[in-house]
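Notes follow once the structure below has been shown.
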Amino acid sequence: MKKEFNVTGMSCAACSATVEKAVRSLAGVESASVNLLTSSMTVDSNLSDDVIIKAVEKAGYGAALKGKEVKKEVSSDEDLMKKRLYPSLVLLFFHLYISMGAMINLPLGFFTNHSINAVVQLTISIVIIFINRKFFISGTKSLLRKAPNMDSLVALGASASFIYSYVNMLLMFLYPEHAHSYYHNLYFEAVSTILTLITLGKCLEARSKTKTTDAINSLIKLSPEKAIVLRGNEELSIDIKDVKVDDIFIVYPGSSVPVDGVVISGDGSFDESSLTGESMPVNKSIGSNIFAGCICLNSNIKARATRVGEDTTLSKIIKLVEEASSSKAPISRAADKVSGIFVPCVILIALMTFIIQLIITSSLSFALSHAVAVLVISCPCALGLATPVAIMVSTGKGAKNGILFKDAAVLENTCKAGTIVFDKTGPITTGKMKVCDVISFDDELLKYASSIEAKSEHPLAKAISNYGKEQNVKPIEVENFKVLAGNGVEAIIDNSHIIGGSVRFVSSRINLENDIIEKCTFLSNEGKTPLIFTKDSSVLGIIAISDSLKEGSKKAIDELKNMGLKTVLLTGDNNRTANAINKLVGFDEVISDVLPDGKEAYIRKLQKSGKVIMVGDGINDSPALMRADIGIAISGGTDAAIGSASIIIMGETIENVVKAIRLSRRTLINIKENLFWAFIYNAIGIPLAAGVFGLSLNPMFASFAMSLSSFCVVSNALRINMMDISSSKKDRKYLFNKERKEMTKTIYIEEMMCQHCEKRVKKALEALDGVVEANVSFKEKCAIVTLSKNVSDDELKNAVEAADYPVTKIE
């Protein structure tokens, strides 16, 4: 059972690693994941909440179940940092003036007296230490628990400098004749600078982190606090939490929809861009669904509440975005491992630096300066933030565009897929049947066709019935209506025997002329479904019906191919219909006549060659969506889609699928940039501070570098917000497409007599390791085999002959 907790008191990656380790050590905990950015923890366990919370508290941090009261600061992290930063900056300016002003001949007045100057510096340092005491409190507690964190490094560095300076100040007063030399060994200004600059970095980091949550905050703000409901004949304004299912509510122009509902009165346009990312207003009328957070643009709408509270589409979106933002990407594992041992290693390096420099130079102040520089330049925060900030920004960016990622692993792995498979109905076509051609041999064709089909519930029948209404054809009385096996209907209309149905059905009842059959064949080849209607054995005409192509489908497929993905159309429709659609769109491969369970099996075959994305409607395609490495559900407001898909597209177009892949690619690049910066910063900075390169780094400059490191990581992640995921200008083919070397072999086979033979041979070949697909034809007496790796001719021959079919040759 998964539970989510808020965690307080964490300041760096070492903190999150400590909390994670403490919870994972509990017997009964399956997994635990701590997110430093969101200060949250997800635990999969059957243990009670109190046991988990006590484990976190024992580690030195606070925790509470999400949704409950948490003992935490009243102000935000940024506000708290500002309260510490501003007085620290003022005092630091004055401190640097009196400690270093003489170097550039600034007037110092009575501060030229070393004794007075030293006492004032001591006082200022103590005040700044008090203002930033959290570093020392948290750092000391962590050291005592043997789980040091970033605060421990800051506290050790500042304390070492302060104690060394304080001892030298005492020696000034004990030995006045050497006061000048002791004065130059004071590092009080280093203490003030270290604490102030690190607080500055933390403030910048907190501000940037706040921006990463802007997307979630904007989603939360979409829902109004009040709703206008009808109670009797009276309109009442009530809290949104008090709205119940089946309540009647009113939405006025310019206001947001409070809960999900269905329109019962009025019609108008709604701005759904906050949910779908599509800017065009959507028209709504009686019977249409409206969603919480969408804005009514031009009329009064009365609706009945269908989903309220946490059940609304908006609430589910917010929950998905929050869960994805707080999850961990697989790429972060290396950083997590380093974070767990980073601080102890830095402390050890600082101690070794102090000893070695002391032996080499015999200067206590020089050795201490290097050791302090090592402590304050190291930055575990950058390691801890490298992945979560990019994930947070990207999931928010996706939500703004109607793209919902289930978790961070999905966001990372989407860009690694080399093949993308589409179902036809839903993703590529609208799924709404319409009459596209009418070939009439009798003026009464529409009258009889719309009348007889008005009695049927079949989608094709409804298309004809609706077309008749559009043409103002009034249906006439129908008698003895029957739906017949074999795709046909019959009835008595005006004392005449009327039949309607497919070419195969009608040709079984009457003899059709070759000209009519040819016309039907032509329409079928265009992906249309021709229906023939007859009256007393004479043909009235042909009505063709088709499923219209979604706008932007061809553009999206072209862009996916340009990005290096293999595109596949996988449909249950017949081969003619599938190929007709393919002529308009241009897939790399078309597989037709496949049932839902067959789709799942085909996805499994494709996975032998690498990661596979499946795009469907989230209902009929649930098995395939769940089998695929990444399942994408189009128009996924349904519970079925949320349950089976890895990515949910709130809009109606597959252009958002392309955007999702672009966003995934950009995110992975950004994470790698952040991890590179975090590792390279520490890999260069720590040896530099230790004096390995023969250079000496002042602790004040070290603290300045450390203060900017996390800020740079967070700022780099925020660049994702500036990315135009609609543009294909920066698309490029990924390496996986170049590396995927698929081979084909043609096997010539004798004694295949029927489709049953085809299936036996196909099953035998596809059972071999390395065989991606086998296309078998008993008419051509051959099988074309697609291989993901080299499979010997003998293996192929033995597999076919084991199924009792002789092989003549293999090419």
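The values are calculated or read from the model by the stated rules, or taken from the named source; none is laboratory data. Note that the coordinates shown come from a computational prediction; the quantities given were computed from them, not determined experimentally. Here Cβ is always computed from backbone atoms with ideal geometry, including for glycine, and neighbour counts include all displayed protein chains. These accessible areas exclude ligands, DNA and RNA; they are computed on the full protein's heavy atoms, side chains included. Shrake-Rupley method; radii C 1.70, N 1.55, O 1.52, S 1.80 Å.
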Q) Can you find even one residue in segment 83-103 that is touching a Lys or Arg at 6+ places or on another chain (Cβ under 9 Å), of a type outside the set (Phe, Trp, Tyr) and open to solvent by 30 Å² or more (accessible area, probe 1.4 Å)? A) yes
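Sort through Gly60, Gly109, Gly28 and tell me the only one that's under 30 Å from Glu189 (Cα atoms) and of a type in the set (Gly, Ala, Ser).
Gly109
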For segment 154-172, pairs from a residue that is under 24 Å from Gly201 (Cβ atoms) to a residue that is not in a helix (DSSP H, G or I), with Cβ under 6 Å and 6 or more apart or across chains, are Ser161/Tyr187; Ser165/Leu186; Ser165/Tyr187
Residue set Ser25, Ser39, Ser11; condition touching a strand residue (DSSP E or B) at 6+ places or on another chain (Cβ under 7 Å) and either closer than 19 Å to Asp336 by Cα or in contact (Cβ under 8 Å) with a residue 60 or more places away in the chain (or both); output residue Ser39
Picked from segment 426-444 (must be part of a loop (DSSP other than H, G, I, E, B), touching a residue at least 24 places away in the same chain (Cβ under 8 Å) and more than 18 Å from Thr577 (Cα to Cα)), the residue most open to solvent (accessible area, probe 1.4 Å) is Phe441
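Among the residues of segment 392-404, count how many are part of a strand (DSSP E or B) and open to solvent by 10 Å² or more (accessible area, probe 1.4 Å).
0
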Does any residue of segment 478-496 turn out to be buried (at least 21 other Cβ atoms within 10 Å of the Cβ), in contact (Cβ under 8 Å) with a residue 60 or more places away in the chain, in contact with a helix residue (DSSP H, G or I) (Cβ under 8 Å, 6 or more places away or on another chain) and β-branched (Val, Ile, Thr)? no
Given the conditions (1) surrounded by 19 or more Cβ atoms within 10 Å (Cβ to Cβ); (2) at pLDDT 85 or above, every one holds for Ile349 apart from (1)
Considering segment 358-391, residues that are among the aliphatic types (A, V, I, L, M) and over 24 Å from Cys15 (Cβ atoms), and then whichever is surrounded by the most Cβ atoms within 10 Å (Cβ to Cβ), we arrive at Leu368
Expected output for segment 664-681 (first residue of a type outside the set (Phe, Trp, Tyr), partner open to solvent by 20 Å² or more (accessible area, probe 1.4 Å) and not in a helix (DSSP H, G or I), Cβ below 6 Å, 6+ apart or cross-chain) is Arg666/Met723
Flagged in segment 164-205 as small (Gly, Ala, Ser) and either in contact with a Cys (Cβ under 8 Å, 6 or more places away or on another chain) or buried (at least 20 other Cβ atoms within 10 Å of the Cβ) (or both), in numbering order, are Ser165, Ala190, Ser192, Gly201
Of those in segment 445-476 that are charged (D, E, K, R) and either at pLDDT 90 or above or in a helix (DSSP H, G or I) (or both), the residue least open to solvent (accessible area, probe 1.4 Å) is Glu453
Picked from segment 407-425 (must be open to solvent by 20 Å² or more (accessible area, probe 1.4 Å) and touching a strand residue (DSSP E or B) at 6+ places or on another chain (Cβ under 7 Å)), the residue modelled with the lowest pLDDT is Thr425
**Asked** Ala764: closer than 25 Å to Lys566 by Cβ, without any contact (Cβ under 8 Å) to a residue 60 or more places away in the chain and surrounded by 15 or more Cβ atoms within 10 Å (Cβ to Cβ), yes or no?
**Response** no
Wholly inside segment 518-613, strands (runs of 3 or more DSSP E) that include 1 or more residues that are touching a His at 6+ places or on another chain (Cβ under 7 Å), surrounded by 16 or more Cβ atoms within 10 Å (Cβ to Cβ) and touching a residue at least 12 places away in the same chain (Cβ under 8 Å) are none
When every residue in segment 121-136 that is under 46 Å from the mean Cα position of the chain (by Cα) and free of Cβ contacts under 8 Å to residues at least 12 places away in the same chain is compared, the one most open to solvent (accessible area, probe 1.4 Å) is Phe130
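Mind counting the residues in segment 175-189 that are in a helix (DSSP H, G or I) and touching a Phe, Trp or Tyr at 6+ places or on another chain (Cβ under 9 Å)?
Summing the residues that are in a helix (DSSP H, G or I) and touching a Phe, Trp or Tyr at 6+ places or on another chain (Cβ under 9 Å) in segment 175-189 gives 3.
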The condition of being without any contact (Cβ under 8 Å) to a residue 60 or more places away in the chain and open to solvent by 30 Å² or more (accessible area, probe 1.4 Å) holds, among Val785, Val791, Val692, only for Val692
Among strands (runs of 3 or more DSSP E) completely within segment 695-811, the ones holding 3 or more residues that are modelled with pLDDT of 80 or more and not aliphatic (A, V, I, L, M) are 743-749
Selection from segment 663-689 of residues of a type in the set (Gly, Ala, Ser) and modelled with pLDDT under 90 yields Ala678, Ala683, Gly685, Ala689
